[in-house]
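See below for the structure under consideration.
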Amino acid sequence: MSKAKPTVIDLFCGCGGLSYGFIEAGYEVVLGIDHWQDAIKTFEHNHKGSKGLVADLFNETPKDISKKTGIKKADIIIGGPPCQGFSIAGKRIVDDERNKLYKSFVSFVEFYKPQVFLMENVPNIVSMGKGVVKDNIIEDFEKLGYNVVYKVLLASEFGVPQNRRRAFFIGTKGKEIFKFPEIKEPKFVSSSDAISDLPEKSIAKGAKYPLKAKSEFQEKIREGSKGLYNHEITNHSDQTIEIISMVPDGGNYKNLPEHLHKTRNVNIAWTRLNSKKPSFTIDTGHRHHFHYKFNRVPTVRESARIQSFPDSFIFLGSKTSQYKQVGNAVPPLLAEVLAKSLKNIYE
């Protein structure tokens, strides 16, 4: 008889990068919750057999959700509550509107009592309020009977073609204490390893790949894909194209003539990907980062590759919405590594 897969609820799931990694590692994602309808449409499209729920966890309790979905238990609860605006007083996270979504995550863990929880967040959550926020998070979950460990991980060390740093808090019940996977010799995947097989121009939805895979990463990311999706280029003004064309591979505004330095008032302006290195963190579509070779911003598919989404994962909604969904996600490949490491707690 085959063993039942551990069940997962993904809170603040977005399009589902974190839970997709868990599915790839052999878990069953039973539910994804987010307040953003576009993200849930993408989630349901790509997480076959999982339920996606549009709900505002600011106002809905775990009991409400359990009644609504009929889901009474979960082995693991995962998610990334928005905590950028934490409100603290003295040595405590206070009962403030801004902390409500984090508190909601805690209440789900209290209600479902999973064997394991994984909470993902911005790296500076560890240092916020001189460590007050981190200490409070650990304390909140220890009170519920969990052994909590945390670490800031760099996605590129785990085969994601992107230097994205994220903090992970992992709690386990019982005597088991989770050990984060150690990468002895990281194999870095460069931007060109990730996207050099994708063409300069737009491709019709589902069209055949115009070029052969040129790297091991590209071969892996194409597995199970029925064609190329989400590769629609952005048309820039002639002036923008002219300025981008002056920036070399891996360069930025400092490579431009002095009089053009201030054409965009952000320090990341006019930055090109470096073809030889993993990408910098993919944002949610601020349009300041450009392809290492082509004079345009990366397409949604190129951005998704840099986030380690497989080509079979298709993003729905407007192009602006798709960029935001990709930028907000946890790289599935990093999620999969953590999910596999958590298997030891179960086996």
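The values are calculated or read from the model by the stated rules, or taken from the named source; none is laboratory data. Note that this is a predicted model, so its numbers are computed, not measured. Note that we place each Cβ from the backbone using ideal geometry, even for glycine, and neighbour counts take in every protein chain shown.
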The condition from (1) modelled with pLDDT of 95 or more; (2) surrounded by 12 or more Cβ atoms within 10 Å (Cβ to Cβ); (3) not assigned by TED's automatic domain parsing to the domain that holds residue 24 that residue 204 misses is numbered (2)
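I need the full set of residues from the stretch 211-244 which are among the small types (Gly, Ala, Ser) and either at pLDDT 95 or above or in contact with a Gly (Cβ under 6 Å, 6 or more places away or on another chain) (or both), in order please.
If the condition is that a residue be among the small types (Gly, Ala, Ser) and either at pLDDT 95 or above or in contact with a Gly (Cβ under 6 Å, 6 or more places away or on another chain) (or both), then 213, 215, 224, 225, 227 are the ones that fit.
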Of all residues in the stretch 1-50 being touching a Gly at 6+ places or on another chain (Cβ under 8 Å) and among the hydroxyl-bearing types (Ser, Thr, Tyr), which is surrounded by the most Cβ atoms within 10 Å (Cβ to Cβ)?
19
Working carefully through the options 173, 179, 184, find the one that is within 26 Å of residue 343 (Cβ to Cβ), without any contact (Cβ under 8 Å) to a residue 12 or more places away in the chain and more than 19 Å from the chain's Cα centre (by Cα).
184
Can you give me the number of residues within the stretch 236-253 that are farther than 10 Å from residue 292 by Cα and in contact with a helix residue (DSSP H, G or I) (Cβ under 8 Å, 6 or more places away or on another chain)?
4
Quick one: residue 325 ticks every box in (1) in a helix (DSSP H, G or I); (2) in contact with an Asp or Glu (Cβ under 8 Å, 6 or more places away or on another chain); (3) surrounded by fewer than 23 Cβ atoms within 10 Å (Cβ to Cβ) bar one, so which box is it?
(3)
Would you check if there is a residue in the stretch 33-48 being under 27 Å from residue 134 (Cβ atoms) and either part of a strand (DSSP E or B) or aliphatic (A, V, I, L, M) (or both)?
yes
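Select, from 214, 262, 226, the only residue that is surrounded by 12 or more Cβ atoms within 10 Å (Cβ to Cβ) and charged (D, E, K, R). So that I can check it myself, show each step before the final result.
On the way: 262 fails: surrounded by 12 or more Cβ atoms within 10 Å (Cβ to Cβ); 226 fails: surrounded by 12 or more Cβ atoms within 10 Å (Cβ to Cβ).
None of the others qualify; the one that does is 214.
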Pick out the one residue from 194, 269 that is among the hydrophobic types (A, V, I, L, M, F, W, C) and modelled with pLDDT of 95 or more.
194
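Can you tell me which residue within the stretch 60-74, out of those that are polar (S, T, N, Q) and touching a helix residue (DSSP H, G or I) at 6+ places or on another chain (Cβ under 9 Å), is surrounded by the most Cβ atoms within 10 Å (Cβ to Cβ)?
Filtering the stretch 60-74 for residues that are polar (S, T, N, Q) and touching a helix residue (DSSP H, G or I) at 6+ places or on another chain (Cβ under 9 Å), the one surrounded by the most Cβ atoms within 10 Å (Cβ to Cβ) comes out as 66.
Do we find that residue 142 is at pLDDT 95 or above, of a type in the set (Asp, Glu) and closer than 21 Å to residue 22 by Cβ in this structure?
Numbers: at pLDDT 95 or above: yes; of a type in the set (Asp, Glu): yes; closer than 21 Å to residue 22 by Cβ: no.
When the stated conditions are applied, residue 142 does not pass them.
Among the residues that make up the stretch 277-290, is at least one of them assigned to a loop (DSSP other than H, G, I, E, B) and hydroxyl-bearing (Ser, Thr, Tyr)?
The initial filter retains those residues of the stretch 277-290 that are assigned to a loop (DSSP other than H, G, I, E, B), namely 277-278, 280-288.
Checking which are hydroxyl-bearing (Ser, Thr, Tyr) leaves us with 281, 284.
There is at least one residue in the stretch 277-290 that is assigned to a loop (DSSP other than H, G, I, E, B) and hydroxyl-bearing (Ser, Thr, Tyr).
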Let me confirm something: among 126, 149, which residue is free of Cβ contacts under 8 Å to residues at least 40 places away in the same chain and touching a Phe, Trp or Tyr at 6+ places or on another chain (Cβ under 8 Å)?
149
Note on the stretch 328-347: residues crowded, with 23+ Cβ neighbours inside 10 Å and assigned to a loop (DSSP other than H, G, I, E, B) are 329, 330, 331
Give all pairs with beta carbons closer than 8 Å in which a residue from the stretch 228-249 that is assigned by TED's automatic domain parsing to the domain that holds residue 272 and in a helix (DSSP H, G or I) meets a residue that is surrounded by 11 or more Cβ atoms within 10 Å (Cβ to Cβ) and charged (D, E, K, R); count only pairs at least 6 apart in sequence or on separate chains.
241/296; 244/272; 244/296
